[in-house]
1. Which of (1) in contact (Cβ under 8 Å) with a residue 24 or more places away in the chain; (2) touching a helix residue (DSSP H, G or I) at 6+ places or on another chain (Cβ under 7 Å) does Ala41 not meet, given it meets every other one?
2. Among the residues of the range 167-200, write down those that are exposed (fewer than 15 other Cβ atoms within 10 Å of the Cβ) and aliphatic (A, V, I, L, M).
3. Give the number of residues within the range 143-157 that are more than 15 Å from Val92 (Cα to Cα) and surrounded by 14 or more Cβ atoms within 10 Å (Cβ to Cβ).
4. Among Val121, Val129, which is the only one that is outside any helix (DSSP H, G or I) and either among the β-branched types (Val, Ile, Thr) or within 18 Å of the chain's Cα centre (by Cα) (or both)?
5. Could you tell me which of the residues Leu187, Leu197 is in contact with a helix residue (DSSP H, G or I) (Cβ under 7 Å, 6 or more places away or on another chain), more than 23 Å from Ser80 (Cβ to Cβ) and among the aliphatic types (A, V, I, L, M)?
6. In the range 119-142, which residue that is loosely packed, with under 15 Cβ neighbours inside 10 Å and either free of Cβ contacts under 8 Å to residues at least 24 places away in the same chain or hydrophobic (A, V, I, L, M, F, W, C) (or both) is farthest from Gly162 (Cα to Cα)?
Amino acid sequence: MTNAKRGRPVQYDREQALERVSDLFWSAGFAATSLDDLSAATQMTRPSLAGAFGDKEALYIAALERYRDAGVDALRETLSGKLPLRTELAEVLRKSADVYMASTDAARGCLLIGTASVEAVHRPAVRRVLQESLAAFNAVLEGRIRKAVAEGELDPEADAAGLTSVASAIMHSLAVRARAGEPRDALDKLSGAAIDLICG
């Protein structure tokens, strides 16, 4: 006769847990989100959270990286090169505004821009993730813009890196403006002006 197990391994859904903590960090920011809040949201005890993710900063970074990876995948899919650059950029900015404005309460903007930019000042690990994330988004944007230059959609003398910086800056501006409460039509006008500037 075998002895009964004294306990079961802790079972948790990593993706679900990260989705729930992302929601908290996105709404309240890193500093204002307590370990008790995170425990309640994930239905995991504080020791279980620590065992699964590490400390609060490590959990936050995991949430940022998950958000970043999903965003880069979505950007790459939209900027596939199957449609004109103008059309694809318009779709990128529309989808970005959709995300930034989506909330049952006030618009939350972008998890990275809205929260990591604050913590990056005093937290080197967060600053590293923010830098890597911005670089990853820029790489996808620049790749598509260079393709547009090579295929004659843009002027052959166009500064691909400069246009990438413009596109990236507009995405960041949309996130901040959404969080500040600007209406959707104002965001759409900004997007349209940016597309005209980039695509001519």
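1. Of (1) in contact (Cβ under 8 Å) with a residue 24 or more places away in the chain; (2) touching a helix residue (DSSP H, G or I) at 6+ places or on another chain (Cβ under 7 Å), only one is false for Ala41: (1).
2. Result: Ala169, Ala180, Ala186, Ala193, Leu197.
3. Counting residues in the range 143-157 that are more than 15 Å from Val92 (Cα to Cα) and surrounded by 14 or more Cβ atoms within 10 Å (Cβ to Cβ) gives 6.
4. Val121
5. Exactly one residue qualifies, and that residue is Leu187.
6. His122
One line per residue, one yes/no per condition, for (1) β-branched (Val, Ile, Thr); (2) at pLDDT 95 or above; (3) farther than 17 Å from Ala70 by Cα:
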| residue | (1), (2), (3) |
| --- | --- |
| Ala107 | no, no, yes |
| Cys110 | no, yes, no |
| Glu119 | no, yes, yes |
| Leu134 | no, yes, no |
| Ala139 | no, yes, no |
| Glu142 | no, yes, yes |
| Ile145 | yes, yes, yes |
| Glu153 | no, yes, yes |
| Pro156 | no, yes, yes |
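Yes/no matrix, rows are residues, columns are (1) touching a residue at least 24 places away in the same chain (Cβ under 8 Å); (2) over 13 Å from Leu174 (Cα atoms):
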position: Arg66; (1), (2): yes, yes
position: Glu77; (1), (2): no, yes
position: Pro84; (1), (2): yes, yes
position: Lys95; (1), (2): no, no
position: Ala106; (1), (2): yes, yes
position: Leu111; (1), (2): yes, no
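The values are calculated or read from the model by the stated rules, or taken from the named source; none is laboratory data. Just so you know, these numbers come straight off a predicted model, no measurement behind them. Don't worry about glycine lacking a Cβ; one is built from the backbone with ideal geometry, like all the others, and counts go over all protein chains shown.
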